[in-house]
Number of protein chains: 2
Amino acid sequence: MFKGLSAFPLTPITSAGIDRQGFIKILERLTAAEVDSVGILGSTGSYAYLTREQRKHVAAVAKQHTGDIPMMICVGAISTEQVLYLAEDAQQLGASALLLPPLSYQRLNDDEVFCLFETVTQRASVPVCVYDNPGTTHFMFSDELHGHIAALRGVKSIKIPGVPSQPEAALARVRNLRGKIPHDVTIGISGDDSAATGLNAGCEVWYSVCGGLFPEVAKEITQAAAAKDSQKVMECSARLEPLWALFRKHGGSIRVIAAAAGIIGLTNTDCLPRPLLPLSADNIAEIAGVLKQLALN
Amino acid sequence: MFKGLSAFPLTPITSAGIDRQGFIKILERLTAAEVDSVGILGSTGSYAYLTREQRKHVAAVAKQHTGDIPMMICVGAISTEQVLYLAEDAQQLGASALLLPPLSYQRLNDDEVFCLFETVTQRASVPVCVYDNPGTTHFMFSDELHGHIAALRGVKSIKIPGVPSQPEAALARVRNLRGKIPHDVTIGISGDDSAATGLNAGCEVWYSVCGGLFPEVAKEITQAAAAKDSQKVMECSARLEPLWALFRKHGGSIRVIAAAAGIIGLTNTDCLPRPLLPLSADNIAEIAGVLKQLALN
């Protein structure tokens with residue numbers, strides 16, 4: 001399941017709680033587009049803001065509305081004890097895989113992160129994807145540590161942050177990591193604006209925020225990558241540059257995607273869990289303009 | 001209550017869960033030393049690793065064993081909804097004040113942090129202390145933002161991270177902040193190795209990890225500060241330099257204090273919540289040597 005387009009949908013959360021109807025509308029777009037897998041309760045899915053009970057509810061709704069599409073669920077939490085409970089819940093609710101970030105409060109060292117993955121993989125009955133996202137976890141993986149963790153039974157993919165924009169540098173980055181990990185562990189790119197570069201550098205999967213709301217345009221890119229048409233990959237991504245620019249402008253994708261889900265009528269434009277605030281009316285108008293220009297709806 | 005020595009005890013957590021007996025032994029030291037206040041479930045109290053129910057349990061035990069000593073409870077959580085529940089719990093369990101860090105997953109902006117404090121102070125019936133700790137929250141306060149937040153009704157203290165080691169620079173740092181906040185809001189120093197410099201620069205309170213386990217030596221420092229004996233403040237802190245050096249060596253105080261609580265027989269030396277791991281036997285032996293040298297027991 002760790003290949004092609006893995007779509008990471010928003011979990012819309014309004015002042016009334018999780019917007020179940022809005023979430024279902026988002027999921028139905030992913031099912032209709034036949035994405036290769038879904039990544040439920042990822043960073044854009046606001047896992048870190050939800051209780052265990054809320055996360056069970058979101059996973060159950062997702063399973064009900066994505067049918068046979070393989071479902072990965074993020075089980076990140078600051079304490080290992082909570083991660084284990086969340087992993088149990090996710091498996092009982094039909095997760096095909098677990099996504100595990102080394103979420104931290106006190107700064108973690110390599111031994112601590114290795115032990116976390118060892119503990120979880122020993123107990124899990126489904127594959128685990130390593131979630132490397134220093135922007136939110138504040139933990140920096142070395143490729144050596146990736147190698148140790150990827151050798152654990154059950155680890156099947158690594159979700160890496162953006163690669164360098166220069167193709168040669170991106171190729172070197174992916175090749176270096178590949179040299180440290182077993183051949184059956186795939187590398188997945190995230191950071192949507194470097195997805196094309198990452199896929200052309202040999203990443204087998206795109207863990208995609210864009211694909212969580214606009215799966216058709218994202219799938220065009222992963223399909224071109226599967227066909228080894230690197231030029232088309234770059235062209236399709238270049239067309240979406242105004243969207244990537246919005247992600248950069250707002251310090252990440254979540255506030256933009258939340259606004260976009262509102263603009264296209266799936267949920268409220270204010271659908272982020274507090275303390276996160278919706279963008280200003282001016283910014284939402286600018287996003288609406290970009291969506292129109294790109295024919296994203 | 002926001003003056004003098006505020007002792008922040010460890011919450012010992014072993015493989016069997018919260019070590020209630022060990023925690024009580026730690027609390028009894030603080031009561032015997034008559035510290036000015038206790039800070040329960042701070043960073044060293046591992047609030048971020050515990051569930052709402054576990055946090056209620058810890059607060060209840062603390063209240064039972066610290067009697068009339070003013071009790072501040074940290075109510076930090078990634079979601080505002082959880083912070084509000086935790087604040088309600090803390091107040092019901094007898095908290096005299098709430099300590100609130102802007103814990104983050106997605107990077108927060110100033111408006112979001114201001115709204116968090118506004119929301120919590122509007123609902124809280126006890127004073128709030130702003131917890132400024134960029135090392136764990138990954139949020140950087142400007143003095144301007146501190147000023148806006150400190151003007152909110154209910155905010156009565158700011159817990160700041162370490163100050164510059166040069167006395168003049170520390171004085172300027174505290175003076176700049178003081179110029180932005182109401183006169184009835186105190187400034188408290190944390191980062192034990194810069195406590196002496198902070199107190200001499202005008203901080204009214206030491207939010208102290210050392211004081212959470214070794215209250216007598218910490219109280220000597222805050223009492224010297226209250227008597228304006230800046231030379232004695234520096235001398236007492238200089239004597240503890242080997243302890244500060246251990247904190248720096250191990251990337252913060254929590255792993256050292258957990259080991260120390262074990263060495264002096266209050267709990268297991270392995271008393272940190274996973275994924276945090278206890279220090280190695282060699283490191284624990286070194287810490288035992290320092291405690292002996294400093295007559296800390």
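Tell me, which residue of the stretch B:149-174 that is within 30 Å of B:GLN91 (Cβ to Cβ) and either among the polar types (S, T, N, Q) or exposed (fewer than 14 other Cβ atoms within 10 Å of the Cβ) (or both) is farthest from the other protein chains (Cβ to nearest Cβ)?
B:SER157
Among the residues of the stretch A:69-80, are any under 22 Å from A:ILE24 (Cα atoms) and within 11 Å of chain B (Cβ to nearest Cβ)? Spell out how you get there, then give the answer.
Initial filter on the stretch A:69-80 (under 22 Å from A:ILE24 (Cα atoms)): A:69-75.
From what is left, the residues that are within 11 Å of chain B (Cβ to nearest Cβ) are none.
Checking the stretch A:69-80: not a single residue is under 22 Å from A:ILE24 (Cα atoms) and within 11 Å of chain B (Cβ to nearest Cβ).
What is the residue count in the stretch B:89-104 for residues that are touching a residue at least 12 places away in the same chain (Cβ under 8 Å), surrounded by fewer than 23 Cβ atoms within 10 Å (Cβ to Cβ) and out of contact with any His (no Cβ under 6 Å at 6 or more places or on another chain)?
Adding up the residues that qualify gives 5.
Which one is surrounded by the most Cβ atoms within 10 Å (Cβ to Cβ) among residues in the stretch A:198-215 that are farther than 24 Å from A:ILE26 by Cα and either touching a Leu at 6+ places or on another chain (Cβ under 9 Å) or of a type in the set (Gly, Ala, Ser) (or both)?
A:GLY198
Yes or no: A:ASP184 among the acidic types (Asp, Glu), at pLDDT 95 or above and part of a loop (DSSP other than H, G, I, E, B)?
Here the answer is yes, as A:ASP184 does meet what is asked.
All but one of (1) buried (at least 19 other Cβ atoms within 10 Å of the Cβ); (2) more than 14 Å from every other protein chain (Cβ to nearest Cβ) hold for B:GLY45, so report the exception by its number.
So the condition that B:GLY45 fails would be (2).
Can you name the number of the only condition in (1) touching a Ser or Thr at 6+ places or on another chain (Cβ under 6 Å); (2) part of a loop (DSSP other than H, G, I, E, B) that B:PHE141 fails?
(1)
What are the residues in the stretch A:222-253 that are crowded, with 21+ Cβ neighbours inside 10 Å, in contact (Cβ under 8 Å) with a residue 40 or more places away in the chain and in a helix (DSSP H, G or I), if any? Don't jump to the end; show me each part of the working.
Keep residues of the stretch A:222-253 that are crowded, with 21+ Cβ neighbours inside 10 Å, which gives A:222, A:224-225, A:233, A:236-237, A:240, A:243, A:246, A:253.
If we keep only those that are in contact (Cβ under 8 Å) with a residue 40 or more places away in the chain as well, we get A:222, A:236-237, A:240, A:243, A:246, A:253.
Residues satisfying the conditions are A:THR222, A:CYS236, A:SER237, A:LEU243, A:LEU246.
Of all residues being in contact with a Ser or Thr (Cβ under 9 Å, 6 or more places away or on another chain) and of a type in the set (Asp, Glu) in the stretch B:175-197, which is surrounded by the fewest Cβ atoms within 10 Å (Cβ to Cβ)? Just the residue, please.
B:ASP193
When the residues of the stretch B:125-148 are filtered to those that are of a type in the set (A, V, I, L, M) and either more than 20 Å from the chain's Cα centre (by Cα) or surrounded by fewer than 17 Cβ atoms within 10 Å (Cβ to Cβ) (or both), which remaining residue is farthest from B:SER43 (Cα to Cα)?
B:LEU145
Answer yes or no: is there a residue in the stretch B:158-171 that is among the acidic types (Asp, Glu) and part of a helix (DSSP H, G or I).
yes
Can you tell me which of B:SER6, B:SER96, B:SER37, B:SER15 is among the hydroxyl-bearing types (Ser, Thr, Tyr), within 14 Å of chain A (Cβ to nearest Cβ) and on the phi < 0 side of the Ramachandran plot?
Answer to the selection: B:SER15.
Those residues that are in a loop (DSSP other than H, G, I, E, B), farther than 29 Å from B:GLY76 by Cβ and touching a helix residue (DSSP H, G or I) at 6+ places or on another chain (Cβ under 6 Å), I need them from the stretch A:254-297; list them, please.
A:LEU266
Condition test on A:GLU28, is it of a type outside the set (Val, Ile, Thr), farther than 21 Å from A:ILE158 by Cα, surrounded by fewer than 21 Cβ atoms within 10 Å (Cβ to Cβ) and within 12 Å of chain B (Cβ to nearest Cβ)?
Criteria not met by A:GLU28.
So B:VAL217 ticks every box in (1) out of contact with any Pro (no Cβ under 8 Å at 6 or more places or on another chain); (2) within 14 Å of chain A (Cβ to nearest Cβ); (3) among the aliphatic types (A, V, I, L, M) but one. Which box is left unticked?
Of the numbered conditions (1) out of contact with any Pro (no Cβ under 8 Å at 6 or more places or on another chain); (2) within 14 Å of chain A (Cβ to nearest Cβ); (3) among the aliphatic types (A, V, I, L, M), the odd one out for B:VAL217 is (2).
Taking the condition of being part of a helix (DSSP H, G or I) and either charged (D, E, K, R) or farther than 16 Å from B:MET1 by Cβ (or both), how many residues in the stretch B:187-211 meet it?
Selection size over the stretch B:187-211: 10.
The values are calculated or read from the model by the stated rules, or taken from the named source; none is laboratory data. None of the values given here were measured: they were computed from a predicted structure. All Cβ positions, even for glycine, are placed from backbone atoms using ideal geometry, and neighbour counts span all protein chains on display.
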